[in-house]
1. Is it the case that some residue within the stretch 50-61 is over 28 Å from Leu193 (Cα atoms) and either over 30 Å from the mean Cα position of the chain (by Cα) or open to solvent by less than 50 Å² (accessible area, probe 1.4 Å) (or both)?
2. Could you please find all residues in the stretch 226-238 being touching a residue at least 12 places away in the same chain (Cβ under 8 Å) and not small (Gly, Ala, Ser)?
3. Can you tell me which residues in the stretch 188-210 are assigned to a loop (DSSP other than H, G, I, E, B) and open to solvent by 40 Å² or more (accessible area, probe 1.4 Å)?
4. Which one of Gly173, Gly181, Gly81, Gly166 is more than 17 Å from His208 (Cβ to Cβ), in contact with a strand residue (DSSP E or B) (Cβ under 7 Å, 6 or more places away or on another chain), small (Gly, Ala, Ser) and at pLDDT 90 or above?
5. Are any residues in the stretch 49-65 over 17 Å from Ser170 (Cα atoms) and either out of contact with any strand residue (DSSP E or B) (no Cβ under 7 Å at 6 or more places or on another chain) or of a type in the set (Ser, Thr, Tyr) (or both), and if so, which ones?
6. Looking at the stretch 146-166, is at least one residue surrounded by fewer than 17 Cβ atoms within 10 Å (Cβ to Cβ), closer than 24 Å to Lys77 by Cα and of a type in the set (A, V, I, L, M)?
7. Which residues, counting only those in the stretch 281-340, are polar (S, T, N, Q) and open to solvent by 100 Å² or more (accessible area, probe 1.4 Å)?
8. Scan Asp296, Asp245 and give me the residue that is at pLDDT 90 or above and over 28 Å from Thr324 (Cβ atoms).
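The values are calculated or read from the model by the stated rules, or taken from the named source; none is laboratory data. What you see is a predicted model, and the numbers here were worked out from it, not measured in a lab. All Cβ positions, even for glycine, are placed from backbone atoms using ideal geometry, and neighbour counts span all protein chains on display. In case anyone asks, the SASA skips ligands and DNA or RNA and just uses the protein heavy atoms, side chains included. Shrake-Rupley method; radii C 1.70, N 1.55, O 1.52, S 1.80 Å.
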Amino acid sequence: MSHEGPGDLMFADLNSRDESFEKFLGTFNLLAPHARIDLDSSQSAFRWHGKFASAAGFSWWEVESEIDWTCRFPQQKERLGLVLPSAGLMSARIRNRTVTIDQNYALALSVPDVNSISYSGCGTHGHVTLEFEVPAVEKILSAICEGAALRNIELCPKLDLASPAGRMLSALGVAVGAGMGDTSVRSEKSMALLGEAILRLVLLNFPHGLSNRLLRQRADATSRQISEAIDFMRANMHQPLTLSDVSQAIGTSVRSLQYGFRRFRSTTPLAYLREIRLAAVQAELSSPLNALPVKDVAVKWGFTHLGHFAARYRRAFGETPSETARLTRAEVSRRLRPST
């Protein structure tokens, strides 16, 4: 059975009872054209089952077979792969060394580093594989580690599935297959979010060449530095501030700044800056000394899109900026009115 969804979504469920192995290979090559499967036996009739799915940014497949085989990579296409065995053994040749795992581990690999992966089992072998394209990986990498690229993260190939992060990785791998196969819940957005969740989980919780750098970035985001960032924002919130301005003022990176605000303030730097600017506008519009129109006050405190500004102001204070100004003028007039 094979069907496609909207956009880049695809799902196919094939088995040896209803389809030829050539159909299996053709579907596999749609998702992994850089790979080739070689059977380790001349046996022509054997049981197998394959589910294949793809969404924007990554592919997923789940395979079972009673014949051992080897997957070779004649084309060194840059991608990030995760393989989770469900039965049998896997042996991968990575940078001229062999890494063997069973269902207690997952295999993480950068595809250009891999020569081959052999799958074997006593009676059957099975696995789930996810392959992520470079833009999808580097989108997450850039969000957690400035200047990082897939080609230099050097993932540790063995991921322990008994750890809390490992158990979550297994569950997310199953969730992708279930979501792709169920037309009632499958959507491009939900699959993209699942893919991003898997990448974040792996990059933040399993060792790789940038792990120490990530730890340093996290350690840099101290409570003291976030307090200094807030002081800098308050002193300069009438200026066109950027995150780089703030991070440079406190001697840390933009990523460290973002991480620190999430950790210590449960918000983002930009959201916090917007909050204190809105408070400044509200204070000025509420002042009896204010003679500026609403538009000029908004621009003064860094709000150039008046429609967005008015909506955010109303969400924050329960009234429009014009209502605040009108109520202030009415109160001033009442106070100036001679008593009778």
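1. Residues of the stretch 50-61 over 28 Å from Leu193 (Cα atoms): none.
No.
2. Within the stretch 226-238, Ile226, Glu228, Ile230, Phe232, Met233, Arg234, Met237, His238 meet the criteria.
3. Pro207, Gly209
4. Working: Gly181 fails: at pLDDT 90 or above; Gly81 fails: more than 17 Å from His208 (Cβ to Cβ); Gly166 fails: more than 17 Å from His208 (Cβ to Cβ).
One residue alone meets the criteria, Gly173.
5. The answer is Ser54, Ala55, Ala56, Ser65.
6. yes
7. First, the residues of the stretch 281-340 that are polar (S, T, N, Q): 282, 286-287, 290, 304, 320, 322, 324, 328, 333, 339-340.
Thr304, Ser339, Thr340 - these are the residues of the stretch 281-340 that are polar (S, T, N, Q) and open to solvent by 100 Å² or more (accessible area, probe 1.4 Å).
8. On the way: Asp296 fails: over 28 Å from Thr324 (Cβ atoms).
Result: Asp245 is the single residue among Asp296, Asp245 that is at pLDDT 90 or above and over 28 Å from Thr324 (Cβ atoms).
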